[in-house]
Structure formats: C-alpha cells, structure tokens
Amino acid sequence: NILHEKIDYVFKVVVIGDSAVGKTQILSRFTKNEFSFDSKSTIGVEFQTRTVTIKGKLIKAQIWDTAGQERYRAVTSAYYRGALGAMLVYDITKRQSFDHVARWVEELRAHADNSIRIILIGNKSDLVDLRAVPTEDAVEFAEDQGLFFSETSALNGDNVETAFLRLLEEIYSVV
Ligand code: GDP
Ligand code: MG
C-alpha cells in the first residue's frame, strides 16, 4: 500500500490559465478521476495531491489551483513560490484563452523560479466541432517558447494522466 511507503519527493505544481478553460476539472480528473459540468468557482487558493511512482521513487504531486484570480496579474507571487512545474491551460474552443497564453508565460517568467518546467495544455479536445485553435498554432508557440505541449480532455480523460506524468518526470530529471 502506497500510504505506508515513504515519500521521496514533494513537487509543487501550479495550474494557470484563463478562467473556465478547465483547470479545476483537469486537476479533479488527475487526482480523483472525477469530472463535473458545474464546477463552482472556489474562493482562495487550494491544492490537491496525488502520489505517483516515477523511476522507482514515490513522488507526491502537490498541485495548486487558482480560484477566481485568473484576471491578468491577479495571481500573487506566493502562488508561484517553490513551484517546480506549471501547467498552462487554454481552451481549444476559445481563441482568446490561447491568445492570452503569452501573458501567462510572462507571468511565470516574472514570478516563478527560472528552472520551472512548463507544459502547455489545450483542453476540451472532446469538443472537436467547436475547435477555434489549430493544433499547429500551439505546437509552434510551444516550440518557440521551449514548452512541452499536449491536448487533453478533462471530460473523457484523454491525455490528462500522460500530461501530468510527463511534467512530473521532467521535474524529476532535474531535481
Ligand atoms: P477553470 O475556471 O479553468 O477552473 O475551469 P473549470 O474546470 O471550472 O471548467 C469550466 C467549465 O468547462 C465547466 O463547465 C467544466 O465542466 C467544463 N470543462 C472543463 N474541462 C472540460 C473538457 O475537457 N471538456 C468539456 N467539454 N468541458 C470541460
Ligand atoms: Mg477553477
């Protein structure tokens, strides 16, 4: 039983991006395998945890979720303090949420540690008919900025696990 074993590392990961892109649901999918259509916005900062095994080490991911602070520059530097990884989420059906990704990267560069690992996530990949952001645009941006990239669906779970594990493995490779 994983609970009786000793945690080797705790990795703080922050989830950022515009409001309503699915940050809370991605987190809920990864930590509880749950999804809800009416996620009420919570007040204040909170985090969820999940422990995974990477290369034989027990790693507790402590994943922080913003709650109503997604307005430009409203996320405080305390939120980023000690973060080793960031998941920067946009909604593939909302062009504006992708246009704002550059701002979020600036925020990270300004507040987070230089060595922070970042994965760009295009969420709601289940809504193919409503797609407003071509995958190639995001791939190009991610390559320019040196970010990892994946499209996910918190609704059906596609790529959520893989994306988190990729980020955690990347953090593990530099600790
Ligand atoms: P947040 O403000 O970024 O935390 O966004 P939420 O996680 O609260 O999600 C906003 C809305 O989008 C909610 O109604 C969710 O149910 C919905 N949503 C989140 N992820 C997905 C997804 O992958 N697919 C679909 N179709 N809806 C999603
Ligand atoms: Mg939320």
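Values for this structure:
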| quantity | calculated |
| --- | --- |
| Filtered residue count, the range 135-175, keeping only those that are part of a helix (DSSP H, G or I) and either under 18 Å from the mean Cα position of the chain (by Cα) or touching a residue at least 24 places away in the same chain (Cβ under 8 Å) (or both) | 21 |
| Test: residue in the range 117-134 that is open to solvent by less than 60 Å² (accessible area, probe 1.4 Å) and free of Cβ contacts under 8 Å to residues at least 24 places away in the same chain | yes |
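The values are calculated or read from the model by the stated rules, or taken from the named source; none is laboratory data. Because the structure is predicted, anything quoted here is derived from the model rather than measured. With ideal geometry, Cβ positions are generated from the backbone for all residues, glycine too; neighbour counts draw on all protein chains shown. Heads up: the accessible areas ignore ligands, DNA and RNA and are worked out on the full protein's heavy atoms, side chains in. Shrake-Rupley method; radii C 1.70, N 1.55, O 1.52, S 1.80 Å.
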